[in-house]
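The values are calculated or read from the model by the stated rules, or taken from the named source; none is laboratory data. In this text the structure is predicted, and so the values were computed from the model without any measurement. Note: ideal-geometry Cβ built from the backbone for every residue, glycine included; neighbour counts use all protein chains shown. Quick note on the areas: whole protein, heavy atoms, side chains included, nothing else; ligands and nucleic acids left out. Shrake-Rupley method; radii C 1.70, N 1.55, O 1.52, S 1.80 Å.
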Amino acid sequence: MSNMSDKKVELGFGRAMKRTISLSSESPNSPIGRWKLFSAIAHETAHEKDKWEYLCDLPTERGTRWRYDMKKKIFFSDEVQVKIEKKPFAHGAMRECFRMKKLSHFADTTDWNVPFANVVAKRYFKDDEDRKTYFDDVKLQMDAKYWAEEYNRAEPPKKIDIMQMMIVELSEREDKPLFHVESLIEGDYIKYNSNSGYVETCRNTPQAFSHFTFEASGHQCIVVDVQGVGDLYTDPQIHTYDGLEYGSGNLGTKGMALFFNTHRCNVICEALSTLSKRVYTCLYTCVFTCGVVN
């Protein structure tokens, strides 16, 4: 959504679809104007062409969805229906990615031909990967999502979010495979920092977020390996002071030191320090440099 004026708003979903809607005499900032605007967004989304329409012809499979409750720190499950490609369309260092459509049992539609049903299912290359690894990965990402919410409460210049991740178990198959499942996001995917000290300096927000988690946790942990589209992140890593939990990517205090060895505090780090009345300190000396809020 962009170019908001008093009477007209240009909507753009995806890279090809853009149109301008009229709000009559209403300002988009008024209650009625906002209602009209949100109604237009919902209508636009519902009628957006589904690029994965061909998946609708695949057989429907029933499965079990596992989600993590951050407050109660437990997993809970329900039933879902999915359609998934047999061959992966992409892969990373450890997992391969499949196009999937998903409908939950409480969905008020049985129409598969809708964009919001499109998700990405990720599976480890190793068929014998420990099932516990899948659940540990979800817990890691949801714990990182908690820190993203804490970061947003500090009122930074730009809000962030971390993708909701769940597990889908295809329980009707003999081997009952597990998949990590996330909503489909489109755009330029960028890795902003790593779990071993790499830092992409084109953006301030991702680096300030990592720094914030270190301070807000009382130096007990830090969220790194920040990557994604814009400020919607996925697949992070958490280093902890005691080096426990969060898999082999948790490098403990060594990982924290590697981040601060290359991190240079930016204007957002300084702003968050003022807002929270906290004096930021690094394991290594952080040099404050002025720059554009990004």
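Yes or no, residue by residue, for (1) surrounded by fewer than 13 Cβ atoms within 10 Å (Cβ to Cβ); (2) among the charged types (D, E, K, R); (3) more than 18 Å from the chain's Cα centre (by Cα):
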{"site": "Tyr68", "(1), (2), (3)": "no, no, no"}
{"site": "Phe76", "(1), (2), (3)": "yes, no, yes"}
{"site": "Lys83", "(1), (2), (3)": "no, yes, yes"}
{"site": "Tyr151", "(1), (2), (3)": "no, no, no"}
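Cys97 is checked against (1) out of contact with any Pro (no Cβ under 9 Å at 6 or more places or on another chain); (2) closer than 14 Å to Phe179 by Cβ; (3) open to solvent by less than 90 Å² (accessible area, probe 1.4 Å) and fails just one. What number does that condition carry? Result: Cys97 fails condition (1) only. Please determine whether any residue of region 235-252 is closer than 30 Å to Gln81 by Cβ and at pLDDT 95 or above. Within region 235-252 (the criterion being closer than 30 Å to Gln81 by Cβ and at pLDDT 95 or above), the answer is yes, since at least one residue qualifies.
Filtering region 116-141 to residues that are in a helix (DSSP H, G or I) and either among the acidic types (Asp, Glu) or open to solvent by 60 Å² or more (accessible area, probe 1.4 Å) (or both) leaves Phe116, Arg131, Lys132, Asp136, Asp137.
Here is a yes/no grid of residues against (1) more than 16 Å from Lys122 (Cα to Cα); (2) assigned to a helix (DSSP H, G or I); (3) open to solvent by less than 30 Å² (accessible area, probe 1.4 Å); (4) modelled with pLDDT of 95 or more:
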site	(1), (2), (3), (4)
Ala148	yes, yes, yes, yes
Glu155	yes, no, no, no
Lys158	yes, no, no, no
Gln164	no, no, no, no
Phe179	no, no, yes, yes
Gly187	yes, no, no, no
Thr201	yes, no, no, no
Pro206	yes, yes, yes, yes
Phe209	yes, yes, yes, yes
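In region 164-179, the count of residues that are without any contact (Cβ under 8 Å) to a residue 12 or more places away in the chain, touching a strand residue (DSSP E or B) at 6+ places or on another chain (Cβ under 9 Å) and under 17 Å from Ala216 (Cα atoms) is zero.
Among the residues of region 246-259, not a single one is touching a residue at least 24 places away in the same chain (Cβ under 8 Å), touching a Phe, Trp or Tyr at 6+ places or on another chain (Cβ under 6 Å) and of a type in the set (Phe, Trp, Tyr).
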